[in-house]
Amino acid sequence: MTTRIELTVNGRGRSVDVEPHHTLLEMLRDDLALTGTKECCLVGECGACTVIVDGESVDSCLMLGVEADGAAITTVEGLASGDRLDPLQEAFLETGAAQCGFCIPGQIVSARALLDDVPHPTRTQIEEGLAGNLCRCAGYEQIMEAVELAAARHGAPEPAPHPRAVTTDVASTPDAKVAPQ
Amino acid sequence: MSDVVGTRAPRVGGLDRVTGRQAYVADIPLDDVLHVKLVTLPVARARIGAIDDAAACAVPGVQLVMSARDLRSPMPRFGPQRRDRPVIATGETKYHGDPVAAVAAETKDAAEEAAALVNVAYEELPPAFTLETALATDAPLVQDPSLRPDDPHANTNVLHEHRHVWGDIEAAEREPGLVVVEGSYQFPMVTQFAIEPHAFMAAPDGDGIAIWSAIQHPNWLQRVIAELLKLPLSKVRVHAPDPGGAFGGKQHAKYEPLLAFMALATGRPVRLVLTLEETFQAVRRGAAQVHVRTGFHPDGALVFRDVEANYQIGAYADIADRTVAKGSYTSMGPYVCPSARIVARSVLSHTVPSTAFRGFGNPQQIWAVESNMNEAARVLRIDPLELRLKNLAKPGDAFIPGDTPADGDWAVAVRRAAEMIDWGSTTPPGRGRGIAVGLKSGPTTGLSYSTVRLLVDGSVVVYAGTSDMGQGARTIFAQIAADELGTPLEWVTVVSGDTAVVPYDQQTSASRSSVFMGNAVLRACRDIQAKVRAMAADLEGVDGAGITVERGQVRIDERTIPIADVVKRGLGRLGGEIIGIGEMRKDAEPDHPLGGTAAFYEFNCTAVEVEVDRETGDISIPKYVTVSDVGKALNPNQVRGQDEGAAVMGLGHTLMEHYIWDDAGRIRNLGAIDYRIPTSMDLPADMESDIVENEDGPGPHGAKGMSEGALLPVSPAVAAAVTDATGAVIRDLPMSPERVWQALQELDSAEPAS
Amino acid sequence: MRTFDYERPDMLADALALMADADGAARPLAGGTDLIIRIRDGSIRPRTVVDVKGIAEFSRDIRIEDGWLRIGARTTMTDLLRDERIRRDYAALAEAAAYVGSVQIRNRATLAGNICNASPAADTAPALLAFEARVVAVGQRGRRVIPLDDFFVRSGVTTLAPGELVEAIEMPVRSGRRGSVHARRTRRRGHDLASVTLAVALDEDGVTRVSYGSVGPRPVLAIDDTGLLADPAAGDDAVRDRLDELFAAAAPSPTSMRASPEYRLAMLRVMGLRAIRDARKRIAS
């Protein structure tokens, strides 16, 4: 039996009929076609499913979709604004922090929450702040450097618009179908 | 000099990764898809009885419950080395997690519900899940002896015994005055734990079939599916999206064949995304017990080395026996060792089938051999650094008889690592230092094709079938093409991951792609250059001999014309493009024990400084350095990412990773809570990586392959540092705090009170 | 995971009615960081999940009332470790909260949920015991106060009656100086379930409360009122001996895959001595 919930996702009001036992992660990926947030351990250890809920980073695999009624959610798709990437996204690109990329949405969202809370974290604070985001490709160094770079630029003039940046949370309704690649 | 190759060019695919647009298999929606859930038994080994799926089929939305009875008889089997793996378990499940049935339903919920309702009658059978039980004379056999009738080991769990011998070890052992150091070492069972769990899809595609898999070897998978389904290759299309990490665990077919049969049976697309727990039950590294006995002259020169290794592989061969063959073959290390005897066995067991995993059989023996070197250094009272330098092969040394000579000035990497860690300086109190080297033989055979298209406006499309799983393959191919054709990097598109469109690539493994596919791309570009030269000759009405085409510039006498201008003129009003084809091929050498000599070697030196809390066994790493011999770093930033990633992955199996089994052969620590990998808080305080670039590799610009080297010597370097700090010698991994504490307790109780 | 009915009552009376009606098949949902995992792995199969986060009477705050520091049912680990009073006066609790999982977990996990889950390895339990915490439980029959030491029974089991919920956790506000320390033993420095947990609260009046967990079916509170542990002049050997007496109830599981009993007991002793030394430093500063 589904429940209708109303919430804001990446700045847009959304209305979703969600099963009580479906997690926020499943709701985002399957009902809203926001597949940027990833599924991995499903026990709150790896952080691949990290999203921001009412200003705090959470593992969306441990939150029910229904719990998000009335909440404001930010996923990786909502970080870029118009044609401008989030400074963290720019920094991750510059340091080459994304290798296979699977953990990266979670890393960037966690880092966003960290910098929103502590605009100029120490290296230790970054390590602790991102400790809930596992990466298997990297030595973590380039990820840490990306966060430091973004933090250092906080308050600096806005970077030029990225040629292909776009808010990727476009009007993807549950009915939108994409042809097989 | 290039201004593209060798630079920190931005990663192709980077933007998609940071915006969440990168589509991994689980992100790709298919119309009308059925969701699949596997049914497994809660035991290590069982005889399968009746499968009652009535309750499962009654769940609304269930379309199919497939098990062995739904496939032809005899059960179709597959496997890269032996066709031993059934599409689905038949007669017997052979490891904890071996699927016995699979449900396809309209929703994930229905599939999950139905899978829990499939009732399988089974009889638990005694499993052989350790090396000891698998090698016992009365061991239960993992594989039916009738499957390998001519094999002398058929009535044992030894799948294969590999022997490599050179020199005269019997004579060498009798030399007087030798210092002989020996020991037995254990390497644990660990799993790749890519952050992307395995995911697969299959769909009928016209009169053929389409498969989606994050497979490292798309063409290989295409062959497997074609053979199983009795289809021509041209009717099997493999889509291979970028894996979210693979590390060898996504090289070979796992559940794609099962999904293919389910797609054909239902006439619909089917989708299976494994949980992380199921992934741990699908792939892992071979565990090993390695005995090393090395003889030295008192001055430290190697005289002989005798290695006996038992690798515990899983219930099906997969590519595991090859990892044993290749890994053990280089057990002498990058040293000149006059006499050698290596005996290595692949031992089947009722466990998760082991497969390729970064290092491919080498980390296990390097753990033993390099630890043995460090222990020898203490016995000989020779600095472990000097012991390495004394024995290291020099460029051109035929250190493995009959194989490629040493292809790098490895001493440079060793000295660099020593310098970076300040080897020789007084170690701060409470700390210890360790050093180790690692060598891996590169690909022994290989074939890669690339097609490159130079379009009329000067932009370029590169077709290269390498799987870009984080190492940045597409980026370096774009760099190579941009450099060769003088195209801006942003104007190059690289297409991969579709066997219907991209020409053949043998595989992505063995760190081969910079060399094999890199050269194929390079040669395709040279092919274009030759065609442009002919075109320019035609346009100018001159002989082509006087024209050169290089790096995007066409030189005719004193004139230099950009390639795009020539192409535009040459193609004329009809337009069109120039297509180049390139290939790199290394044929098999049938007489060689590995089927071919090494295309190159990967070499790394790692040095570590550790601090050990003697009361708790905690190891912290104030300083870590790793230096790889790479020939040429086509993209230094990506090289750094790979080397540092490999180091941290190595720290995983060194300090914390292992499967934990119960007495009945079931895995206790499935999933992320109790299988520990390093987090951002587990890093060395100061980690530095460096590279040696002597442009002495066979790849473009003198590149060699890389990305496995930095994982190889992590554990012996750390163990040696722990010994240096505490005196405790540890020979079993992982060196968890409890194990270190245990070793310290034993040391304290063994030492007489002073 | 299996489906269930989800309710989010906004009145306590409604919540309690739901809990009572469901015949034991209702589970309260706070942070979800334990419950969701257990529903997914099938170890819990609730018919109804009652989300307590909407209950008006359940607060997400930390306030002082009548000599007690009262932590509301919806208060998260992040709330705790950011609170100035907790950091200053109940340092061991702030430290424990800082170690629960990762940031993402701490932003959701509630203190109430942590104790109701009753894992022997619960990080906050030793600190709460050392601070003489008590649980304010509420059910259809009314409110009652349960000293925390009477709350834990064994893994997964508390003395909450069927249908009861935890409304708040309270710790007495003490006027004297106190030095407290939280310690834990894990397999890596990154977040991990602890194989030993320990909290020490050393009071100015010479009483030391030592609480330890993950070395038996429930966390244990032991009190030293001899003054020895609090005495800066007491030597390490004397401290070790006294701690050994306090650790007598430690009985680690022989079948745990996280650590062997031998190692756990040895670490308990090592951690105990280090914690006493650190607590003494803190009370002095």
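Values in this text are rule-based calculations from the coordinates and carry no lab data. Keep in mind that what you see is a predicted model, and the values were worked out from it rather than measured. With ideal geometry, Cβ positions are generated from the backbone for all residues, glycine too; neighbour counts draw on all protein chains shown.
Odds and ends about this structure:
- Furthest towards positive pole of dipole, A:Gly36, A:Ser57, A:Cys100, structure part segment A:1-141, Cβ charges: A:Cys100
- The mean count of C-beta atoms from other chains within 10 Å of the C-beta of residues in A:60-70, rounded to a whole number, is 5.
- Model label zone, C:Thr255; criterion: amide N under 14 Å from point 7 Å along Cα-to-beta-carbon; scope segment C:211-237: C:217
- Percent antiparallel among DSSP beta bridges (both partners in the protein assembly as shown, rounded to 5): 80
- Extension gain, C:Arg45 back to C:Ile64 (0.36 nm per residue minus Cα-Cα distance, nm): 3.1 nm
- Nitroxide proxy distance, nm - points 7 Å out along Cα→Cβ at C:Lys281 and A:Met1: 5.8
- Restriction of the trypsin sites (Lys or Arg not before Pro) in segment B:379-427 to DSSP coil positions whose beta-carbon has at most 16 other beta-carbons within 10 angstrom yields B:Arg381.
- Charge tally in the Cβ shell below 12 Å around B:Gly472, where Lys, Arg are +1 and Asp, Glu are -1, B:Gly472 excluded: +3
- Residue-wise HN-Hα couplings along segment B:281-297, as the Karplus relation 6.51 cos²θ - 1.76 cosθ + 1.60 with θ = phi - 60° gives them from phi, are 8, 9, 9, 6, 8, x, 7, 8, 10, 10, 10, 10, 9, 10, x, 10, 6 Hz; Gly and Pro carry x.
- Taking all Cα pairs closer than 8 Å and separated by 6 or more residues, the relative contact order of chain A comes to 25 percent.
- Zone residues, segment C:163-198, relative to C:Asp205, backbone N less than 20 Å from point 7 Å out along Cα-to-Cβ: C:170-181
- Taking B:Lys586, C:Lys53 and counting other C-beta atoms within 10 Å, the order from fewest to most: C:Lys53, B:Lys586
- Candidates C:Thr76, C:Thr226, C:Thr124, ranked by Gaussian network fluctuation over chain C, Cα under 10 Å, top entry: C:Thr226
- Here is what passes the span test in chain A: the DSSP H helices with alpha carbon length of 15 Å or more along the helix axis and a Kyte-Doolittle mean of 0.5 or above are A:141-152.
- Averaged over C:189-196, number of beta-carbon atoms from partner chains that fall within 10 Å: 6
- When the charge dipole of chain C is built from unit charges on Cβ atoms (+1 for Lys and Arg, -1 for Asp and Glu) and taken about the Cα centre, the candidate among C:Ala259, C:Ser175, C:Ala121 whose Cα reaches farthest toward its positive end is C:Ala259.
- Charging the Cβ of each Asp and Glu at -1 and of each Lys and Arg at +1, and nothing else, the dipole of segment B:327-433 about its Cα centre rounds to 280 debye.
- GNM top mover of A:Ala91, A:Ala33, A:Ala138 - chain A, alpha-carbon springs below 10 Å: A:Ala138
- Summarising the amide proton neighbourhood of C:Ala109: residues at separation of 5 or more, or on other chains, whose placed amide H is nearer than 5 Å comprise C:Met77.
- Order of B:Arg271, C:Arg242 - criterion: other Cβ atoms within 10 Å of each residue's Cβ, fewest first: C:Arg242, B:Arg271
- With 0.36 nm allotted per residue and the present C-alpha distance subtracted, the B:Thr7-B:Val542 stretch has 188.9 nm of extension available.
- Segment B:170-264 - share of DSSP beta bridges that are antiparallel (%, nearest 5): 60
- Other residues lying with their Cβ under 13 Å from the Cβ of A:Thr122 contribute a combined charge of -2, Lys and Arg counting +1, Asp and Glu -1.
- Partner lysines for B:Lys531 [C-alpha distance under 24 Å; skip if fewer than 8 residues away on the same chain]: B:Lys568
- Each label point was placed 7 Å from the Cα along the Cα-to-Cβ direction; for B:Arg148 and B:Cys57 their separation is 3.9 nm.
- Positive dipole terminus of chain C, leading residue within C:Ala284, C:Val239, C:Val215 (C-beta point charges): C:Val215
- The angle between the Cα long axis of helix C:261-284 and the main principal axis of chain C comes to about 80°, on a 0 to 90 degree scale.
- Set of lysines with alpha-carbon distance to B:Lys394 below 28 Å, sequence-local pairs under 8 removed: B:Lys326, B:Lys440, B:Lys586, B:Lys632, B:Lys704
- Only Lys, Arg, Asp and Glu carry charge here, each on its Cβ (+1 for the first two, -1 for the last two); on that basis segment A:54-137 has a dipole of about 340 debye about its Cα centre.
- Taken residue by residue and averaged, Cβ atoms of other chains lying within 10 Å of the Cβ of B:7-15 number 4.
- Rounded to the nearest whole Hz, the Karplus-based 3J(HN,Hα) values (6.51 cos²θ - 1.76 cosθ + 1.60, θ = phi - 60°) of segment B:468-477 follow the sequence 8, 10, x, 6, x, 4, 4, 5, 5, 5, with x at glycine and proline.
- Two-site label geometry, C:Asp231 and B:His297: point separation in nm, points 7 Å out along Cα→Cβ: 6.7
- Fluctuation leader among C:Gly54, C:Gly24, C:Gly179 - chain C, Gaussian network, Cα springs under 10 angstrom: C:Gly24
- Relative contact order, whole percent, for chain B stands at 15, derived from Cα pairs under 8 Å and 6 or more residues apart.
- In summary, the lysines within cross-link reach of B:Lys37, defined as a Cα separation below 21 angstrom excluding same-chain residues under 8 places away, comprise A:Lys38, B:Lys94, B:Lys108, B:Lys250, B:Lys254.
- Placing a label point 7 Å from the Cα of B:Val501 along the Cα-to-Cβ direction, the residues of segment B:450-484 with a backbone N closer than 17 Å are B:450-455, B:460-468, B:474-475, B:478.
- Loop exposure criterion: GluC sites (Glu not before Pro), DSSP state outside H, G, I, E and B, at most 15 other Cβ atoms within 10 Å. Applied to chain B, the longest stretch between such sites is B:1-557.
- Under 5 Å from the amide H of B:Ala210 lie the amide H atoms of B:Ala203, B:Asp205, B:Arg237, each residue being 5 or more positions distant or on a separate chain, with H modelled from the backbone and absent for Pro and chain starts.
- As a rough footprinting exposure proxy, the listed residues A:Met1, B:Met420, B:Met332 were ranked by other beta carbons within 10 Å of their own, and the order from fewest upward is A:Met1, B:Met420, B:Met332.
- Scanning residues 5 or more positions from A:Thr23 or on other chains, those with amide H under 5 Å from its amide H are A:Gly65, with H placed 1.01 Å from N in the peptide plane.
- Share, in percent, of DSSP beta bridges within segment B:572-726 that are antiparallel, nearest 5: 60
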